[in-house]
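Input: a single structure, listed below in structure tokens.
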Amino acid sequence: MATTRIYYASDIHGSNRCFRKFLNAAKFYQANVLVMGGDILGKAIVFLEEVGPGTYVTEEHGHQVKFTAEAELEAFEQRASDRGLYPYRCHAGEPQALREAGEMEPLFMQLMKERLKEWIALADQRLAGTGVRCFMMGGNDDPPGVLEVLDEGRVVCEPEEHIVVLDDDSEMISCGWSNPTPWQTPRECSEEELGKRIDALMAQVKRPESLVMNLHVPPFQSGLDDAPELDASLKVQTSLGQTRFKPVGSTAVRAAIERYQPLLGLHGHVHEAHASCKIGRTVCINPGSDFSEGILHGALVTLNKGKLKGYQMVSG
Amino acid sequence: MSTVSGSTSLFVRNATGLVRELSPFDAFNLVFSAVLIPVGITQVLSFAPTFWPNANVLLSFLFSLPLVLCFGLVYLYFTVAMPRSGGDYVWVSRVLGPGLGFLTNLSLTFVFTTWISFNFTTMMTLLVPSLAYVAGFTWNPSLLTQFLLATVLTIAFTGLMVLGTRRVARYMTITFAIVWVGMLIWLVGLAITGHDAFVANFNAHSGMTINQVTSAAAKAGYSSGNGIDWAGTLFAMIYAFQVFTGFQWTGYFAGEIKNVRRTAITSIMGALVISAVLYILATLLVYTTYGFSTFGSLAYLGFNTSNSPLGFAPYLPSLVKFLALPGFLQVFVAACFVLSVLWWTPTGFLIATRNLFAWSFDRLAPAGVAEVNDRLHTPVIATIVVALWVELLNYLNIYQGLSALLINVIAVMALAFIAVALAAIVMPFTRPSLFESAPAMVRARIAGIPWLTIVGVVMLLSWAFVLYVAFTTTAFGQVAPQSMIEAFAVPVLGLVYYVVVRFVRARQGIQLKAAFQEIPPE
């Protein structure tokens, strides 16, 4: 194949709408490779408590709402799922009981697995026979126990920890781990360990000069890693009219890019970034994320004979 | 795992980006610091009388307030619907297309950078001589001196921006505090100086008496005897519109999980209301202390006659000399007017460089523009590009009459805001999924029509009115057509540029029109 056209997106955090768009991006942008760069699982459960027969109360955009009709409930559940939330119908008082019994985490894992399985099945259904290759990996926010589901599909391939051959001239390595964050997420590690993971993959790469690095966390001080500055209580810091930003990317990733000088770096992790840069000869891209608005940010990259023919950030 | 929201319906796990959002006070500060009242009030109370001598600017502010509130509501609704998207460039691009989004953003960038240059040139030429007058000396700079001063300021601020955001923030914090101390003293000075005391001070220190001023103005053609010039009062609203802008400059409100409604309302509408109150209060004090007819006579002599008998130009900082304040405070207040111009400048640079970055990332500008210097960690190239552009504007302002008392710039701004208004009007219909997934306050309707559409219509009509006034003023010879041509050359050339870039990128396999097209989910 002479030309490889990659559509890359990341950090959809459970958004049903964004995932559906991701699958359709191949046809929409005429891409033959789809890459989902991590942080694919949602951040919150929204409980719909049954307070009376067929009557449920919940919260939407900070307001308490009440539903009495099944159609209203389903519409809410769809909206919530599109925003990356996991709606869960329960009896009145059940959320409190789950918290007290320590059952919240198992419930979360269950809901995350269920949705991911639905996604894998949908990918099989929509992409089968199209010739489109689809790679999905987890990010630092995604618990390993849920990511096992990625191996259950026929179309979706989990690319971490091995070399993907994109075409006759280009390969791809992938790593969804991040450097330390203030939130002690499931898949973060020290910079040293992150560097070792990347080096272990690079040892197997045949042509680093035409390599695509699919690394969830962006390189440090690249402009792709500028996130709001936080204080110890995780409050966003401002300074006379502007939110303050600071680089939070990985020094190990930066060192790897500077050392190996691949063709392309594809990154996520920092949702606010929406930026690209060059580190030496390597073009690095972070399309950012607005998953909660149902907008799918992505990057379209065209490779031809091991060279980067063009790239563009898109917002679908 | 933890619950951050405090709600019993929502359980949020520990995940990247889960932050405590801005408090309403923080968000208020985000926007209020962008409203440049000292410069704005000086412009309104000198430029409006220049064109419409009998306009009652207090009424202009009051009449414009409900219209500007609709303007604010458009931005509020868009911000609540898309709290993380970074402003009108993205909103217009998503709703109307990337071409219009770029042209809107280019036009507003032109407006902001022209304000920087206008402050370095015209405003410095107005304010520094006023400060000199209050301090007891004269300064009438030649064109070359004005240009050199503007160039020095451009270079100085370029250097400051290159040094990094922390130094810029420190600079702005200090100047903000000084300016607002000065402004408070000024307002107190106006309040405690009765009209009689003002007249007595004027008669004692100006070299003329108020009676001589009103006589001279009447002889020159000024008359307040016919009451309020209602047409002029309405037309003067364009300056009220101009000075109220600023609340739309912030686009980041965090909030992936939580509702940003309260924060956005406090910041956008709160800042708009507070600035309106301050503008109205200041204008009321000016008219009360100086007297509407007296102020009108002074303004007429100073701005509408060629041989003014006044020994000074009657800009607000000059008139501080006649307030019941000690001499050193008078000088301090007048100096704060000058400082206010310099306080705002980094914001203009920041907005312009941020927009350059956005164009670069969207492949509308060369990638090199968005490079960040490895040593300084600042966008040196983008900053220098902005500086060179400002320097060109400095030249055009001083030697080619670009400024035209901002009428032409206000007209270009009107064109850009008309595009934003159009986006607001059609968004519920052309981007229904985005609209329907927004919080309830955005989706509110009356008689089945979305409020977003309604306020969008009001905003569009308001800024169309501004365009009408700007072109009418030009047609009647009060503004040189050349200045309008120069200003509107920017969006026209921007359109040509966009078409060329789109063609070039298409040959590189990049379809710019696809940049904001929504992917169907089903």
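Remarks
- Some residue of the stretch A:97-113 being crowded, with 18+ Cβ neighbours inside 10 Å, among the charged types (D, E, K, R) and within 9 Å of chain B (Cβ to nearest Cβ): no
- Residue in the stretch B:422-437 that is open to solvent by less than 30 Å² (accessible area, probe 1.4 Å), of a type in the set (D, E, K, R) and either in contact (Cβ under 8 Å) with a residue 24 or more places away in the chain or within 30 Å of residue B:69 (Cα to Cα) (or both) present: yes
- Residue list for the stretch A:267-284, restricted to those being more than 9 Å from chain B (Cβ to nearest Cβ) and buried (at least 24 other Cβ atoms within 10 Å of the Cβ): A:267, A:268, A:273, A:284
- Test: residue in the stretch B:363-376 that is among the polar types (S, T, N, Q) and either within 23 Å of residue B:174 (Cα to Cα) or within 21 Å of the chain's Cα centre (by Cα) (or both): no
- First in the stretch B:497-522 and facing chain A (nearest Cβ under 7 Å), second anywhere and of a type in the set (Asp, Glu) and open to solvent by less than 70 Å² (accessible area, probe 1.4 Å), Cβ under 7 Å, 6 or more apart: B:515/B:362
- Any hit, the stretch B:311-327, residues being among the aromatic types (Phe, Trp, Tyr), open to solvent by 40 Å² or more (accessible area, probe 1.4 Å), touching a residue at least 40 places away in the same chain (Cβ under 8 Å) and under 26 Å from residue B:243 (Cα atoms): no
- Members of the stretch A:15-41 that are more than 10 Å from every other protein chain (Cβ to nearest Cβ) and at positive phi: A:38
- Pairs are defined by a Cβ separation below 9 Å, a sequence spacing of at least 6 or placement on different chains, a first member in the stretch B:449-463 that is modelled with pLDDT under 95, and a second member that is crowded, with 24+ Cβ neighbours inside 10 Å and hydroxyl-bearing (Ser, Thr, Tyr); no pair meets this definition.
- Number of residues in the stretch B:41-53 that are crowded, with 22+ Cβ neighbours inside 10 Å and part of a loop (DSSP other than H, G, I, E, B): the value is 1.
- Taken together, A:129, A:139 contain a single residue that is in a loop (DSSP other than H, G, I, E, B) and surrounded by fewer than 17 Cβ atoms within 10 Å (Cβ to Cβ), which is A:129.
- Members of the stretch B:266-286 found to be within 16 Å of residue B:38 (Cα to Cα) and of a type outside the set (A, V, I, L, M), listed by number: B:275, B:279, B:283
- Any hit, the stretch B:67-86, residues being at the interface with another protein chain (Cβ under 10 Å from one of its Cβ atoms), open to solvent by 20 Å² or more (accessible area, probe 1.4 Å), modelled with pLDDT under 85 and in a loop (DSSP other than H, G, I, E, B): yes
- Within the stretch B:143-170, residues that are open to solvent by 90 Å² or more (accessible area, probe 1.4 Å) have Cβ atoms under 9 Å from residues that are of a type in the set (Lys, Arg) in these pairs: B:165/A:244; B:166/A:244, counting only partners at least 6 apart in sequence or on another chain.
The values are calculated or read from the model by the stated rules, or taken from the named source; none is laboratory data. No experiment lies behind these values; they were computed from the predicted model shown. Cβ sites come from the backbone with ideal geometry, for glycine too, and all protein chains shown count toward neighbours. The accessibility values were calculated without ligands, DNA or RNA, using every heavy atom of the protein model including side chains. Shrake-Rupley method; radii C 1.70, N 1.55, O 1.52, S 1.80 Å.
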